[in-house]
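Working notes for the structure below.
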Amino acid sequence: MSDSSKQATSQSYSVAITGSGGSGAVTTGRILLEAAAQCGFQGLMTRSAGPQIRGGESAAMVRFSQDPVECMGDEYDLLVGLDWRNIERFADELPLSDKSLILSDPAAGEVPALLRSNGADILEVPFKKFASGLPGGRLNMVALGATALVCGLDLKALETSVKAILGNKGEEVVESALLAARLGYNHDHRPRITLEAPGKPADHWSITGNQACGVGALRGGTRFVAAYPITPASEILEWLAPRLEKLGGSLLQAEDELASINMIIGASFGGVPSLTATSGPGLSLMVEGLGLALVSETPVTVVNVMRGGPSTGIPTKSEQSDLNIAIYGLHGDAPHLVLAPLSIRDCVFTTQWAVQLAEHLQTVALVLSDQSLGQSQAIVEAPPQRELSLARKVEATPDAEYQRYAITPDNVSAMSLPGTAGGMYTADGLEHNPRGTPSSMAVDHRTQLNKRLHKLEDFDFGEDWADVEGDGRRCIITWGSSTGAVKEVAGWLWAQGSSIKIISLRLLAPLQHDRLKELLKDMEKVLVVEQNHAGQLFHYLHAEGVLPVSAESLAQPGPLPLRPGRILRALGGGG
Amino acid sequence: MTVPALKAKDYKSGIKAVWCPGCGHFAVLSALTKAMAHLGLVKEEVAVVSGIGCSSRLPAYIDTYGFHGIHGRALAAASGLKAARPDLTVIVAGGDGDGFSIGGNHFLHACRRNMNMAYIVMDNEVYGMTKGQASPTTLPDWSNSKMTPHGTGIPSFNPAAIALAAGAGFIARGFSGEPSELTRILVEAIEHSGFAFVQVLSGCVTYRPDQKLWKEEVHPSESDLPTDDPVKAAQIIQAGDGKATGVIYAKQFPVWQPENRMDSNLNTIEKEFLL
């Protein structure tokens with residue numbers, strides 16, 4: 001059994017920090033997470049923001065534990081209100097209970113009734129008054145100090161974190177923040193937490209999912225990226241641009257997504273592993289280009305960071321609703337790879353695997369990350385290095401018989417790169433014969449269709465196609481970011497001595513039929529869990545004939561996160 | 001070791017062209033291979049990139065590396081290739097619909113990005129492959145298409161003026177009926193450091209038989225060419241009849257190529273995530 005057996009259960013602490021835009025909720029959350037990390041915890045910070053660039057509402061949600069944290073819990077132990085403006089816009093994202101505590105500044109007015117209704121305790125700390133007594137004092141730093149004490153975090157760790165996160169804003173800002181945080185920390189209140197800090201481990205990383213996709217891209221060998229800015233994928237590009245340069249590669253900001261997909265195809269034709277990152281609207285524009293890459297067998301990888309759709313949808317919030325376009329979006333018979341990272345940490349491996357699979361199989365790989373992975377910050381154990389023996393098959397010394405699209409036992413044919421004498425060919429979106437000459441003949445079409453299908457269908461993807469854990473006659477199948485909440489539920493059940501099997505799909509296409517059927521053959525109950533409205537995975541698995549007729553669907557659209565308690569109820573209680 | 005000089009025919013692949021007998025594009029293919037022979041280009045170090053349309057079939061007919069992509073996106077594919085492989089000579093070929101309509105945005109940005117490549121647009125003022133619809137360079141009163149039976153009613157697009165406004169540093173007009181001048185223009189375009197745009201008037205015998213008159217209408221420019229003054233270039237382009245040939249404008253701008261260096265490694269980069 002893997003990491004998930006030690007998945008955070010009740011041994012975690014969850015904090016939500018809310019305020020109007022510009023109040024510093026997200027910075028406060030970043031420092032709190034860092035302080036928890038300095039104390040040796042692992043953790044996760046998600047954020048919720050309205051579409052306004054400035055002046056809307058914002059919230060930072062932090063959860064930490066001695067164990068890996070891969071989702072938010074069912075309710076918050078602590079809610080910190082920097083102010084209560086616009087709170088009604090996201091109160092439903094912040095469930096509380098009678099065990100919760102609300103930290104509030106009397107100057108911000110009474111705690112709104114909709115937050116008090118569950119019977120949470122209230123602790124008042126005069127954030128604003130304390131801050132106004134300090135030169136450049138900010139009330140969010142007072143709140144940070146008070147919060148850190150409630151969370152039982154060490155003052156030294158807090159101070160180190162303030163310096164680490166605010167260090168680039170200058171000495172004055174740091175000094176003022178430290179004074180304010182100490183005032184809040186030393187206010188007359190006491191810790192409300194029973195978690196013991198593990199002490200600082202050496203190898204934890206602090207990383208977002210978007211950065212982790214960037215790391216995976218580089219580990220996979222990506223050295224060219226062309227892309228167009230889009231929420232919530234831009235951070236992948238911003239992280240990659242200066243780092244690609246240092247590794248002898250480059251990033252080109254394209255004029256639109258039609259350009260970016262075709263630019264990476266051009267670069268890959270030149271022999272350089274290439275990738276782009278986008279979100280739903282951009283992916284929609286790229287689809288014609290994906291077909292070109294697929295038919296010309298030019299490897300490319302597209303990281304699609306999903307957001308609420310369709311159309312412009314909810315750009316700043318998460319949803320797993322691009323599975324259908326990823327699998328079925330291309331015209332013609334167009335088999336290709338679709339993968340999804342199962343956690344922020346897994347964004348590293350899944351993206352690396354996608355890039356190297358695309359290179360090895362000379363095809364298109366789509367990676368379905370989402371906003372909740374991409375823009376959340378995690379404290380995790382350092383992702384291990386994985387050496388994969390997957391690389392592009394290149395013909396370095398083509399002879400007179402060289403055929404770019406030759407039929408081979410594994411249906412992958414060696415690619416000749418520009419600059420290689422004797423290997424000249426024209427890559428084409430037109431159907432072609434093995435030599436690459438355009439052809440509309442039935443025999444050539446069938447031959448190449450079979451080639452492009454079987455190079456994927458017959459490939460052994462090994463054990464990484466899914467994370468399979470647990471046993472018994474009940475099973476949850478999930479994919480991508482929903483895996484975190486599913487693993488939490490499984491952890492609860494295993495801790496109670498109940499059995500459940502969970503299958504978290506990392507490789508969605510080509511679907512591993514035989515393996516899935518084998519796993520599902522004696523199941524009495526199968527639940528398919530995903531964050532979208534239509535049940536896209538559920539219908540896909542049915543269409544592919546791997547689900548029993550009795551299988552059930554739990555499909556909940558964004559932007560609300562899929563919470564473990566909801567999954568447990570869908571499973572039919574705790575037993 | 002001396003390698004025998006290649007002749008124009010050595011740059012032809014021998015694949016039979018899909019073009020109609022009498023199509024202007026044959027002369028463009030021939031002029032391009034002559035230009036390549038004149039420049040002594042090493043075949044495997046050249047990539048010819050195109051989109052979709054009659055003229056975009058050209059890469060298959062040339063014995064270099066070729067990329068026949070999708071409609072309108074030739075410049076994008078070529079820009080990615082050149083960014084990743086600056087050692088290659090990149091030549092882009094296409095038609096007026098591919099370059100100015102569906103690919104119009106890429107045309108603008110390729111002009112201003114100024115990467116080192118030559119872009120040859122075989123302009124016949126019609127969509128030939130889809131059997132004769134109006135293109136952006138078709139005059140508004142041309143009513144021979146069933147799709148626009150009253151003509152398009154909208155003014156045609158002036159490619160040279162747009163290229164100038166978008167920042168191109170090399171703008172020329174050639175004619176398939178003047179192959180030796182065209183060869184000279186293509187040599188200069190390929191040699192130009194930066195983005196070189198060549199509009200080639202290349203008539204369509206099937207859907208635009210009226211273009212047989214180009215033989216009489218096309219003429220060498222009367223201006224003193226080329227100029228490196230964008231104001232003068234604008235005057236020449238705007239005052240002209242669109243049928244004057246020659247290199248209109250040649251000016252050296254900084255060529256864009258992504259910067260890269262090898263001064264780190266991935267292990268070092270990954271250390272930034274350690275607490």
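The values are calculated or read from the model by the stated rules, or taken from the named source; none is laboratory data. Here the structure is a predicted model, which means the values were calculated and not measured. In this analysis, Cβ positions are derived from the backbone assuming ideal geometry, glycine residues included, and neighbour counts consider all displayed protein chains.
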Residue match in segment B:160-180 (condition: under 24 Å from the mean Cα position of the chain (by Cα), crowded, with 17+ Cβ neighbours inside 10 Å and among the aromatic types (Phe, Trp, Tyr))
yes
With the checklist (1) surrounded by fewer than 19 Cβ atoms within 10 Å (Cβ to Cβ); (2) at pLDDT below 95 in hand, flag the one item residue A:115 doesn't pass.
(1)
Output for Cβ contacts, cut-off 6 Å, separation at least six or different chains, first residue touching a residue at least 24 places away in the same chain (Cβ under 8 Å) and of a type outside the set (A, V, I, L, M, F, W, C) in segment A:323-347, second surrounded by 24 or more Cβ atoms within 10 Å (Cβ to Cβ) and in a strand (DSSP E or B), reads A:336/A:364; A:341/A:369; A:345/A:380
The condition of being under 20 Å from residue B:200 (Cα atoms), over 17 Å from the mean Cα position of the chain (by Cα) and free of Cβ contacts under 8 Å to residues at least 60 places away in the same chain holds, among B:78, B:74, B:134, only for B:134
Flagged in segment B:76-87 as at the interface with chain A (Cβ under 7 Å from one of its Cβ atoms) and buried (at least 24 other Cβ atoms within 10 Å of the Cβ), in numbering order, are B:76, B:77, B:78, B:79, B:80, B:81, B:83, B:84
Which numbered condition residue A:185 fails, given (1) surrounded by fewer than 24 Cβ atoms within 10 Å (Cβ to Cβ); (2) within 14 Å of chain B (Cβ to nearest Cβ):
(2)
Verdict on residue A:345 being touching a helix residue (DSSP H, G or I) at 6+ places or on another chain (Cβ under 9 Å), at pLDDT 95 or above, more than 21 Å from residue A:279 (Cβ to Cβ) and outside the structural domain of residue A:296 (by TED's automatic domain parsing):
no
Take residue A:382 and decide whether it is surrounded by fewer than 20 Cβ atoms within 10 Å (Cβ to Cβ), small (Gly, Ala, Ser) and in contact (Cβ under 8 Å) with a residue 40 or more places away in the chain.
yes
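Report, by residue number, each residue of segment B:53-70 that is of a type in the set (A, V, I, L, M) and facing another protein chain (nearest Cβ under 8 Å).
Step one: filter segment B:53-70 for residues of a type in the set (A, V, I, L, M), giving B:58, B:60, B:62, B:70.
Correct list: B:60, B:70.
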Set B:73, B:112: member being within 11 Å of another protein chain (Cβ to nearest Cβ), surrounded by fewer than 18 Cβ atoms within 10 Å (Cβ to Cβ) and in contact with a Gly (Cβ under 7 Å, 6 or more places away or on another chain):
B:112
Quick one: would you say residue A:159 is crowded, with 19+ Cβ neighbours inside 10 Å and within 16 Å of residue A:40 (Cα to Cα)?
yes
Residue A:228 meets each of (1) at the interface with chain B (Cβ under 7 Å from one of its Cβ atoms); (2) out of contact with any Phe, Trp or Tyr (no Cβ under 9 Å at 6 or more places or on another chain); (3) aromatic (Phe, Trp, Tyr) with one exception, condition (1)
Looking only at segment B:10-52, which residues are within 14 Å of chain A (Cβ to nearest Cβ) and either among the small types (Gly, Ala, Ser) or assigned to a strand (DSSP E or B) (or both)?
B:12, B:13, B:14, B:17, B:46, B:47, B:48, B:49, B:50, B:51
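Filter segment B:50-67 down to residues that are under 14 Å from residue B:122 (Cα atoms) and in contact with a helix residue (DSSP H, G or I) (Cβ under 7 Å, 6 or more places away or on another chain), then give me how many there are.
Residues in segment B:50-67 being under 14 Å from residue B:122 (Cα atoms) and in contact with a helix residue (DSSP H, G or I) (Cβ under 7 Å, 6 or more places away or on another chain): 8 in total.
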Segment A:207-220, residues that are facing chain B (nearest Cβ under 10 Å) and either modelled with pLDDT under 95 or more than 14 Å from the chain's Cα centre (by Cα) (or both):
A:218, A:219
